[in-house]
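The values are calculated or read from the model by the stated rules, or taken from the named source; none is laboratory data. The structure presented is a predicted model; accordingly, all values stated were derived computationally and were not measured. Please note: Cβ atoms are built from the backbone with ideal geometry, for glycine as well, and neighbour counts cover all protein chains shown.
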Amino acid sequence: MSKISVLGIMSGTSLDGADFVKIKVSKKNLKCEYVGMQSFHFPSDLKKKLLACAQNEKTVYSLSAIDHELGRFYADCYHGLKGKLKKIDLIGLHGQTVFHEGKKATLQIGEPSYLALAAKKPVVSQFRVGDIAAGGHGAPLAPFFHQVVFGKKNKTVSIHNLGGISNLSLIKNGKLGLAFDTGPANMLMDEEIRQSTKKRFDDNGRMARGGKVNTELLIRMLGFKYFAEVPPKSCGREQFGKDFYAQFKNELNRLPLNDRLATLTELTVQSIAKSYQKFCKPYPSEIIFCGGGAKNDYLVKRLSDELSSSKVTTIENLGWPTESIEGGAFALLAACRLWNIPSNLTQSTGALQKVVLGQITDLLPR
């Protein structure tokens, strides 16, 4: 088939839930067309289990059971999709990352067999392991999509995702020049909100906006070794989860909640700004933010202030919903697996060679 409809499913480090994103992909030039999306929140009990898995708090027996429970959740969500979103040829399932250490090991759970049976279509999953086998970090993988869809001739642009983790793709003249994880985006802010209130996140950064940054604590946080590492590099809860938070918990707890959120927000802002200053050459003329953090007005304003030499905008101005990009990326990667097209960018992951990513689960005869 020269043109297919693909459903990409992404659940990120923020653990909010799963985004189901449908795109159409042409084989000839990999042109991608956004069709629609629908999001589903994790039930609170499943969310707690997934967080415990990501924090190495579950036994292998429990992890196996949760792997299947999450697989059934994805299948149930598929049944709950509206209208045209179900009419697809293929599914790309990222799964939920519960462990990731670049160049060594990675684990995404959410057994794909349930989804393959529910949709009666092939499901491509386990995208990251092929890149690690080829000597790479296994992340970030979305830059392939960024390059294909948003690369511009004669311009240097950055597609910057603000999920639980922050990552950027620097695209020069339509080709990826550099891509890496800069550090936390929403992860630490969301953790603080969850521990201190009944909310899931700081809506539009209202609480952080009303707080005062503790400069001394911020400087100590920015001294964390990951920020000084040279790309390619990737990170997750292993670097910026409970262990990182615990290092500064006592000092944070001495501050009012608004000040804690202001300080953690500024950690995201400054770590991103310093990443552009230290590693991005040439500096992008335009930075396009996507992901859940792009909906945080205060965060985007602070980033605009610090990145003022670039035009700062959000992906919605290009016709893609803020939270559609990661799902769209894994839909494209699934199409590439079907067509045997290598889709890891070695300048992004550090892999020694290009490989075809993903493993296919197809339970029904064709």
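Restricting the search to segment 288-300, which residues are hydrophobic (A, V, I, L, M, F, W, C), touching a Phe, Trp or Tyr at 6+ places or on another chain (Cβ under 8 Å) and either in contact (Cβ under 8 Å) with a residue 60 or more places away in the chain or surrounded by 24 or more Cβ atoms within 10 Å (Cβ to Cβ) (or both)?
Going through segment 288-300, the residues hydrophobic (A, V, I, L, M, F, W, C) turn out to be 288-290, 294, 299-300.
Narrowing further to those that are touching a Phe, Trp or Tyr at 6+ places or on another chain (Cβ under 8 Å): 288, 290, 300.
The answer is I288, C290.
Yes/no matrix, rows are residues, columns are (1) more than 30 Å from I4 (Cα to Cα); (2) over 21 Å from the mean Cα position of the chain (by Cα):
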| site | (1), (2) |
| --- | --- |
| E57 | yes, yes |
| D76 | no, yes |
| L93 | no, no |
| V123 | no, no |
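Is it true that F145 is of a type in the set (F, W, Y), on the phi < 0 side of the Ramachandran plot and within 13 Å of the chain's Cα centre (by Cα)? Judged against the criteria, F145 is a match.
Taken across segment 140-147, residues that are surrounded by 24 or more Cβ atoms within 10 Å (Cβ to Cβ) and among the polar types (S, T, N, Q) do not occur at all.
Would it be correct to say that V148 is assigned to a helix (DSSP H, G or I) and more than 22 Å from T97 (Cα to Cα)?
Values: assigned to a helix (DSSP H, G or I): yes; more than 22 Å from T97 (Cα to Cα): yes.
It is true that V148 is assigned to a helix (DSSP H, G or I) and more than 22 Å from T97 (Cα to Cα).
Residues of segment 193-212 that are buried (at least 24 other Cβ atoms within 10 Å of the Cβ) and not in a loop (DSSP other than H, G, I, E, B): M207, A208. Within segment 97-151, the set of residues being among the β-branched types (V, I, T) and assigned by TED's automatic domain parsing to the domain that holds P231 comprises V148, V149. Of T182, T215, T156, all but one fail to be of a type in the set (S, T, Y) and free of Cβ contacts under 8 Å to residues at least 24 places away in the same chain; the exception is T215.
Has segment 324-337 got any residue that is of a type in the set (D, E), crowded, with 20+ Cβ neighbours inside 10 Å and modelled with pLDDT of 95 or more?
Step one: of segment 324-337, the residues of a type in the set (D, E) are 326.
Next cut, crowded, with 20+ Cβ neighbours inside 10 Å only: 326.
Still in the list and also modelled with pLDDT of 95 or more: 326.
Yes.
Within segment 326-350, the set of residues being of a type in the set (A, V, I, L, M, F, W, C), out of contact with any Leu (no Cβ under 8 Å at 6 or more places or on another chain) and either within 26 Å of D16 (Cβ to Cβ) or not assigned by TED's automatic domain parsing to the domain that holds Q96 (or both) is empty. Have a look at G17, G102, G92, G12 and point out the one that is closer than 21 Å to A142 by Cα and in contact with a helix residue (DSSP H, G or I) (Cβ under 6 Å, 6 or more places away or on another chain). One residue alone meets the criteria, G92.
Might you check whether a residue that is touching a strand residue (DSSP E or B) at 6+ places or on another chain (Cβ under 9 Å), in the same structural domain as Y276 (by TED's automatic domain parsing), surrounded by 19 or more Cβ atoms within 10 Å (Cβ to Cβ) and among the charged types (D, E, K, R) occurs anywhere in segment 236-243? It would help to see each step written out before you state the result.
Filtering segment 236-243 down to residues touching a strand residue (DSSP E or B) at 6+ places or on another chain (Cβ under 9 Å) leaves 236-240.
Imposing the further condition that a residue be in the same structural domain as Y276 (by TED's automatic domain parsing) reduces the set to 236-240.
Among the residues that remain, those that are also surrounded by 19 or more Cβ atoms within 10 Å (Cβ to Cβ) are: 236-237, 239-240.
Checking which are among the charged types (D, E, K, R) leaves us with 237.
Yes, the conditions are met somewhere in segment 236-243.
Picking from residues in segment 310-349 that are out of contact with any helix residue (DSSP H, G or I) (no Cβ under 9 Å at 6 or more places or on another chain) and in a loop (DSSP other than H, G, I, E, B), the one that is farthest from P232 (Cα to Cα) is G319. Of a type outside the set (S, T, N, Q), more than 21 Å from the chain's Cα centre (by Cα) and surrounded by fewer than 21 Cβ atoms within 10 Å (Cβ to Cβ): does that describe K47? The answer is no for K47. Candidates L178, L168: the one that is in contact with a Leu (Cβ under 7 Å, 6 or more places away or on another chain) and either under 27 Å from W320 (Cα atoms) or not assigned by TED's automatic domain parsing to the domain that holds N296 (or both) is L178.
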